[in-house]
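Encoded as structure tokens, the structure appears first; notes follow it.
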Amino acid sequence: MSQEIIQDEAVEKESLWQLLGPVVVLTVICAVAGTALAGVKLGTASRIESQVLNNVQGPTLQRMFPNADNDIVAERKMLTGPNGQAVIVFPIYEKGQLSAVAIEGIASGYGGDFGVMTAFNLANDTMNNIGVTISKETPGIGSQVATPRFTKQFRNGAPDEMKLRSQGGKINAISGATISSTAASNAVQQASAFYRELKPEIGKTWPASR
Amino acid sequence: MSSLLQEFTKGLWREIPPFRLVLGLCPILGVTTKAFNGLGMGLAVVFVLTISNMIISMVRNVIPSKVRIACFIVISASLVVIVELCMQAFTYPLYEQLGIFVPLIVVNCIILGRAEAFAAKNPVLPSIMDGLGMGFGFTISLVFIGSIREIFGTGQWFGLQIMPDFFQPMQIMVQAPGAFIALGLTLAAMNWYSRVSCENRGIKYENAQHGCGSCSACDMCKTVERPSI
């Protein structure tokens, strides 16, 4: 009699483990994997940021300002934007004068985030130039918004007019790439908004000439 | 020891992944525009495959068979993300070149294929050797296809000019069709070589054993005497 009961219990334990075993094992594996990933993410975050600065934003700024006489990336500062978010501002000195600042705007495009480095002339608050930093747009279609054909439209204009014609601005979208063109325009507008808010602080952060 | 060595060397020729197992074709077609990209991708796969084989082999007796595929995917996906983050942190230009193919390592058939076919059934050391062998076989294949495409498509090899000046680069080889052409010709050449070497040894090619890595039809094999290729 007692033997039977013990056997029954063993069977019950077996079936309970069959039911819970997969759940427990999978949970443990996911927890370990998650912890490891969080650790690696934390450990590499600062290095990845500096790699992106050196490999993406640095070269873009170099192309936009070949005559800059400061190290634009090294002198960047983190300022606090209108809603408390951190905005990285890149100062550009030409002939010893703080001539422009660049701010990266990010909007969502067809293939994910779309980043545009947008530069503003400090003297008259006009847009100086733009350069695309992050683009996962469709090659041959959306990717055309990174070509000079599109970006040259943003040279030396009032920031308010630097949006698509459909939004009441002066920029011609690339036909067939409405989403990507809109993303570029939105990213530029985001950067302009940051610039408007941060203008007073920019003057305090970097000396006007040196 | 000799069996460990065998687990390693089988991946280098007899069961070389893209050419014999015909697994992992997506990266071999996608990233091999340059030999260097092939090398980078291959080494990433060596890392992921070896560690995932090792971990899966260590926990193989704990994992219930019902959820084994999910467990294998969690393990290999985590390793791939680790590789991706490290690549971003240390070799950013390579990461930009490989782009979408790094996260796609996780859906590379070789990883899950080796986990299921080998690591889940074998002890840790042979699994590590299997992962290393398969990984390096995959790397060799990627570098080989990458070299063919780079040399004929640009006249360079690992960025060094090796073709004479009068050589006109064939643009098609660095574009998508070139990948299919190079892979197809390589597969054909390997099959032709196997056939010739079988015939030289007096074996009927159709009966030769192609390695069991990509095939689980063991019952069919038992009916015929199968000499090794």
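The values are calculated or read from the model by the stated rules, or taken from the named source; none is laboratory data. Bear in mind the structure is a predicted one, so any value in this text is a computation, not a measurement. Quick reminder, even Gly has a Cβ in these numbers, built from the backbone with ideal geometry, and neighbours come from all protein chains shown.
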Quiz item: Filtering region B:66-75 down to residues that are surrounded by fewer than 21 Cβ atoms within 10 Å (Cβ to Cβ) and more than 7 Å from chain A (Cβ to nearest Cβ), which residue is farthest from the chain's Cα centre (by Cα)?
Solution: B:Arg68
Quiz item: So B:Glu116 fits all but one of (1) in contact with a Lys or Arg (Cβ under 9 Å, 6 or more places away or on another chain); (2) crowded, with 17+ Cβ neighbours inside 10 Å; what number is the exception?
Solution: (2)
Quiz item: What number of residues within region B:92-103 satisfy the criterion of being assigned to a helix (DSSP H, G or I) and buried (at least 16 other Cβ atoms within 10 Å of the Cβ)?
Solution: 6
Practice problem: Please find, among B:Ile140, B:Ile128, the residue that is more than 11 Å from chain A (Cβ to nearest Cβ), crowded, with 20+ Cβ neighbours inside 10 Å and either free of Cβ contacts under 8 Å to residues at least 12 places away in the same chain or closer than 14 Å to B:Thr50 by Cα (or both). | Solution: B:Ile128
Practice problem: Kindly provide the set of residues from region B:87-99 that are out of contact with any Phe, Trp or Tyr (no Cβ under 9 Å at 6 or more places or on another chain), at the interface with chain A (Cβ under 10 Å from one of its Cβ atoms) and touching a residue at least 40 places away in the same chain (Cβ under 8 Å), ordered by number. | Solution: B:Thr91
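Could you check region B:161-199 and list, in sequence order, the residues that are assigned to a helix (DSSP H, G or I), of a type in the set (S, T, N, Q) and over 17 Å from B:Pro27 (Cβ atoms)?
Filtering region B:161-199 for residues assigned to a helix (DSSP H, G or I) gives B:171-174, B:176-199.
Filter once more, so that each one left must be of a type in the set (S, T, N, Q): B:171, B:186, B:191, B:194, B:197.
Listed by number, the residues that qualify are B:Gln171, B:Asn191, B:Ser194, B:Ser197.
Just to verify a result, which residue in region A:17-39, among those that are crowded, with 18+ Cβ neighbours inside 10 Å and among the β-branched types (Val, Ile, Thr), is modelled with the highest pLDDT?
Start the filter on region A:17-39 by keeping residues that are crowded, with 18+ Cβ neighbours inside 10 Å, which leaves A:22, A:25-26, A:29, A:33.
Next cut, among the β-branched types (Val, Ile, Thr) only: A:25, A:29.
Working: A:Val25: 89, A:Ile29: 92.
Going through the qualifying residues, I end up with A:Ile29.
What do you reckon, is B:Ser78 within 30 Å of B:Ser2 (Cα to Cα) and either buried (at least 23 other Cβ atoms within 10 Å of the Cβ) or of a type in the set (S, T, N, Q) (or both)? Walk me through how you get there before you give the answer.
On the way: within 30 Å of B:Ser2 (Cα to Cα): no; either buried (at least 23 other Cβ atoms within 10 Å of the Cβ) or of a type in the set (S, T, N, Q) (or both): yes.
No: the conditions fail for B:Ser78.
Does any residue of region A:58-75 turn out to be more than 8 Å from chain B (Cβ to nearest Cβ), over 27 Å from A:Lys199 (Cβ atoms) and surrounded by 12 or more Cβ atoms within 10 Å (Cβ to Cβ)?
No.
Any residue that is over 20 Å from the mean Cα position of the chain (by Cα), assigned to a helix (DSSP H, G or I), within 10 Å of chain A (Cβ to nearest Cβ) and closer than 30 Å to A:Thr27 by Cβ - is there at least one of those in region B:52-65? So that I can check it myself, show each step before the final result.
Initial filter on region B:52-65 (over 20 Å from the mean Cα position of the chain (by Cα)): B:58-65.
Within this subset, residues satisfying the condition of being assigned to a helix (DSSP H, G or I) are B:58, B:65.
Right, trim to within 10 Å of chain A (Cβ to nearest Cβ) and you get B:65.
After this cut, where a residue has to be closer than 30 Å to A:Thr27 by Cβ as well, the list is B:65.
Looking through region B:52-65, at least one residue is over 20 Å from the mean Cα position of the chain (by Cα), assigned to a helix (DSSP H, G or I), within 10 Å of chain A (Cβ to nearest Cβ) and closer than 30 Å to A:Thr27 by Cβ.
Consider B:Glu84 carefully, then state whether it is surrounded by fewer than 23 Cβ atoms within 10 Å (Cβ to Cβ) and facing chain A (nearest Cβ under 10 Å). Before the answer, list the steps.
Values: surrounded by fewer than 23 Cβ atoms within 10 Å (Cβ to Cβ): yes; facing chain A (nearest Cβ under 10 Å): yes.
When the stated conditions are applied, B:Glu84 passes them.
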Exercise. Read through the list (1) surrounded by fewer than 22 Cβ atoms within 10 Å (Cβ to Cβ); (2) out of contact with any Ser or Thr (no Cβ under 9 Å at 6 or more places or on another chain); (3) part of a helix (DSSP H, G or I), then give the number of the only condition that B:Ala44 fails.
Key: (1)
Quiz item: Say we look at region A:29-51 and pick out the residues that are under 23 Å from B:Ser57 (Cα atoms) and more than 9 Å from chain B (Cβ to nearest Cβ); which of these is farthest from the chain's Cα centre (by Cα)?
Solution: A:Ala31
